[in-house]
Amino acid sequence: MQKVQIVIKINNLCDLISFQSYARSGPCKEVSLESLWLSTDRDAINSCLDHSYQGEKQRVPVTALDAQLAALHPTMIKIDVEGFEYDLLQGASTSLAIDSCLAVIIKGQSAEISALLPSSGFDDIACDPILRSVQVFRCNQHQIRSGSRVRNSM
């Protein structure tokens with residue numbers, strides 16, 4: 001997380017990006033834990049811990065994305081939750097519905113996500129950085145394309 005925060009600072013994006021750590025949950029009514037311990041010293045393999053872990057760790061709240069974004073108006077949401085993307089999205093219906101949210105970048109892909117995001121108004125896109133072009137895919141719910149989605153009214 002510190003590496004991402006350094007890149008944000010180097011690129012003078014601190015006023016535009018909110019970087020937060022939360023444990024995921026589905027809709028608020030399904031939350032059974034208030035917080036979890038996460039390792040912070042294992043880079044790409046950070047994970048949930050118990051209190052006996054001797055390395056660097058951080059306590060993070062467990063909450064639905066809608067609860068965290070209730071007072072915000074995000075333009076883009078980036079999600080990387082190591083296989084729990086669909087569960088997280090189940091608690092993000094309000095966040096995905098607000099007009100300010102124009103893009104969703106999501107690492108994990110599944111048929112469920114490919115069905116959910118179009119029903120929330122997002123189309124799958126492919127970006128070609130060399131040609132500086134974007135192609136929108138109007139795919140059915142069984143097709144899995146990329147991890148980048150844009151609001152279909154754009």
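Taking 13 Å as the straight-line reach from the Cα of K57, the aspartates and glutamates in range (excluding those fewer than 8 positions away in the same chain) are D41, D43. Taking all protein chains as shown and a probe of 1.4 angstrom, Y53 keeps an accessible surface of around 60 Å². Where in segment 63-101 is the amide nitrogen less than 19 Å from a point lying 7 Å along the Cα-to-Cβ axis of S119? Hits in segment 63-101 for S119 at 19 Å: 65-66, 84-98.
How much length is gained on full extension from I8 to S47, taking 0.36 nm per residue of separation minus their Cα-Cα distance?
Numbers: separation 39, 0.36 × 39 = 14.04 nm, distance 2.32 nm.
Roughly 11.7 nm would be gained on extension.
Placing dummy labels 7 Å off each Cα toward the beta-carbon, the span from S110 to S93 is 1.8 nm. Peptides 59-66, 92-99, 40-47 ranked from most to least packed give 59-66, 92-99, 40-47, packing being the mean of other C-beta atoms within 10 angstrom over each peptide's residues.
So what J values fall out for segment 100-105 if you push phi through Karplus, 6.51 cos²θ - 1.76 cosθ + 1.60 with θ = phi - 60°, rounded to Hz, Gly and Pro as x? Residue by residue, segment 100-105 yields 5, 7, 9, 8, 10, 10 Hz. To the nearest 0.05, what FRET efficiency results for E56 and M76 with a Förster distance of 41 Å applied to their C-beta separation? About 0.90, to the nearest 0.05. Residue-wise HN-Hα couplings along segment 49-62, as the Karplus relation 6.51 cos²θ - 1.76 cosθ + 1.60 with θ = phi - 60° gives them from phi, are 9, 9, 5, 7, 4, 8, x, 6, 8, 9, 8, 10, x, 9 Hz; Gly and Pro carry x.
Close amide-amide hydrogen proximity is noted between F122 and N152, each under 5 Å apart and 5 or more residues distant or on a separate chain (H modeled in the peptide plane; Pro and chain starts excluded).
The values are calculated or read from the model by the stated rules, or taken from the named source; none is laboratory data. Everything numeric here is computed off the predicted structure, so don't read it as measured data. Cβ sites come from the backbone with ideal geometry, for glycine too, and all protein chains shown count toward neighbours. Surface accessibility is based on the protein's heavy atoms, side chains included, excluding ligands, DNA and RNA. Shrake-Rupley method; radii C 1.70, N 1.55, O 1.52, S 1.80 Å.
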